[in-house]
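In what follows, a structure is listed as structure tokens, so that the remarks can point back to it.
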Amino acid sequence: MSSRDTSRLVVELMRRGATLLSESCPTCGGVMLRYRGVTFCPRCSGFTSVEEVESTLVAPGDLLENLEKVLYEGLRDDLRSLTGAKGHEERGALLRSLKEELEVLEIVLRLKELRSKSEG
């Protein structure tokens, strides 16, 4: 990507709310941006369009929300499967899966609680 294309990308991202940071990229010496909670160098990242940036970057808070949603969906699916499970091995595997999902969900909920306390 040319420096002109990089400049256009930076300008468009800033129009959409990106912040130009004071520090330079340690790799190329170019500008660093913070967009949707993620810091990156537009030159080194290899992004060629705003759409690519937006589809790739996920803010840390969004990660927790997405993970929580996936875990709830998995729990629901495993519970449905458990009611129709035949045999000790199948039930055992589903129960282990439920246990692991619940443990991760507990961690996600704690992290969200800590995040909300630090923001509020």
Net +/- balance of residues flanking residue 53 in space, Cβ distance below 15 Å, scoring K and R +1, D and E -1: 0
Rg ratio (alpha-carbon, reference 2.2 N^0.38 Å) - the stretch 32-114: 1.57
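Readers should treat all values here as calculations from the given coordinates under stated rules, not as data from a laboratory. It should be emphasised that the depicted structure is a prediction, and the values quoted were computed from it without experimental measurement. Methodologically, a virtual Cβ is constructed for each residue, glycine included, from the backbone with ideal geometry; neighbour enumeration extends over all protein chains shown.
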